[in-house]
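Enquirer: Handing you a structure now.
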Amino acid sequence: MSQIRALIFDFDGLILETEMPVFEAWRECYKSHGHDLELVKYAACVGSDTTCFDPITDLEKRHSSEVDWEYWNQQRREYIQKKLHNRPSLPGVEKRLIEARDAALLCAVASSSPRSWVEPLLDKLNLSKHFVSTHCLDDVAKPKPDPELFESAASALGVKPQEAVVFEDSLNGLNAALKAGMHCVVIPSPVTKHLEFTGASMRLETLEDLSLEEILERL
């Protein structure tokens, strides 16, 4: 454990299961316009931005008439808010954070989502106290799979890349961690569990599977 000094956590799909509600909200929008949104296709943008796959552009290409995005964006927001209401953090997250505190390991969040999304939800989950810093889409030129988010998190924590372990649920996140030269433990979400995570240091079903000490020993 002495070689690892810091843990960097993704947010969406890793700390809070937001990925499936967001996908379902998009899928409802597609269905209302007579189309289906394939999970395999959508997964390309998970953990990143719409550069990899843009549902708006995709639906507009498929649909023959204009889409009322003002209405449908509001519908999606309401659907997601309803699904996330009182939803707890994912299994094992808080336990591993408490273990990190007890082991004097520094923790940060690095998310491709905006700060206005991440920080209020961390506060609501009562998890903000566990993190030295949060690094979001607003803070970087490029989201994951670019390594900048993880590099900025490591810099803020004062650690070298090889001294940090990243916890991720997405392929874009894994690739960003590998480019940053960091260990990466993957815990796929329901939206990403079909993907191959080649290069991951470890793959778990949930953060309940192993204690933090066991994870770090296996690394």
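Enquirer: Would you please classify the overall shape of segment 83-192 from the alpha carbon gyration tensor, given that a ≥ b ≥ c denote the square roots of the eigenvalues, rounded means a/c under 1.5, and beyond that prolate means a/b larger than b/c while oblate covers the rest?
Expert: Since a/c stays below 1.5, the shape of segment 83-192 is classed as rounded.
Enquirer: A 30 angstrom limit on the alpha carbon distance is what I want to check against. Which of Lys41/Lys160; Lys41/Lys142; Lys129/Lys160; Lys61/Lys193; Lys82/Lys160; Lys83/Lys160 exceed it?
Expert: Over 30 Å apart, Cα to Cα: Lys41/Lys160; Lys82/Lys160; Lys83/Lys160.
Enquirer: Now a separate question. Nothing charged except the Cβ atoms of Lys and Arg (+1) and of Asp and Glu (-1): what's the magnitude of the dipole of the chain about its Cα centre? Round to the nearest 20 debye.
Expert: Computed about the Cα centre, the dipole is about 160 debye.
Enquirer: Now for a different question. Using every alpha carbon pair in segment 19-84, what percent of pairs falls into each 5 Å bin from 0 up to the bin containing the largest distance?
Expert: 3, 17, 30, 27, 19, 3, 0
Enquirer: On to the next question. Loop-only check: which GluC sites (Glu not before Pro) in segment 1-69 are DSSP coil with at most 16 other Cβ within 10 angstrom?
Expert: Glu38, Glu66
Enquirer: Another question, if that's okay. Which order results if Ser133, Ser113 are arranged by neighbouring Cβ count within 10 Å, fewest first?
Expert: Fewest-to-most Cβ neighbours within 10 Å comes out as Ser133, Ser113.
Enquirer: Rounded if a/c is under 1.5, else prolate if a/b beats b/c, else oblate: with a ≥ b ≥ c from the C-alpha gyration tensor eigenvalues square-rooted, which is segment 118-164?
Expert: oblate
Enquirer: Suppose we look only past 17 Å in the calculated P(r) of segment 63-132. What percent of the Cα-Cα pairs does that tail hold?
Expert: Summing the P(r) tail past 17 Å for segment 63-132 gives 58 percent.
Enquirer: Shifting gears a bit: Restricting to DSSP loop positions (anything but H, G, I, E, B) with no more than 11 other Cβ atoms inside 10 Å of their own Cβ, which GluC sites (Glu not before Pro) remain in segment 178-219?
Expert: Glu196, Glu205
Enquirer: Between Ala141, Gln74, Ser112, whose Cα lies farthest towards the positive end of the dipole of segment 71-141 when Lys and Arg beta carbons carry +1 and Asp and Glu beta carbons carry -1, centred on the Cα centre?
Expert: Gln74
Enquirer: Sort Met182, Met20 so that the residue with the fewest other Cβ atoms within 10 Å of its own Cβ comes first and the one with the most comes last.
Expert: Ranked by crowding around the Cβ, least crowded first: Met20, Met182.
Enquirer: With +1 on each Lys and Arg Cβ and -1 on each Asp and Glu Cβ, and nothing else charged, work out how big the dipole of segment 19-84 is about its Cα centre, in Debye to the nearest 20.
Expert: Using only the charged Cβ atoms, the result is roughly 200 debye.
Enquirer: May I ask you to derive the relative contact order of segment 19-84, considering only C-alpha pairs under 8 Å and at least 6 residues apart, and to give it as an integer percent?
Expert: Rounded, it is 41 percent for segment 19-84.
Enquirer: Moving to a separate point now. What number does the chain give for Rg over Rh if you use C-alpha atoms and the Kirkwood radius?
Expert: 0.98
Enquirer: Summing -39500 (n - 2.57) over the DSSP H runs of n ≥ 4 in the chain and dividing by its residue number, what mean residue ellipticity at 222 nm do you reach, to the nearest 500 deg cm²/dmol?
Expert: Here the helix-only value at 222 nm equals -11500 deg cm²/dmol.
Enquirer: DSSP loop (so not H, G, I, E, B), at most 15 other Cβ within 10 Å: list which trypsin sites (Lys or Arg not before Pro) in segment 113-199 pass both filters.
Expert: Here the sparse-neighbourhood loop sites are Lys193.
A short reminder: the numbers here are calculations on the coordinates, not readings from a lab. The shown structure was predicted, so the numbers you read here are calculated from the model rather than taken from an experiment. Here the Cβ is made from the backbone with ideal geometry for all residues, glycine too, and neighbour counts use every protein chain on show.
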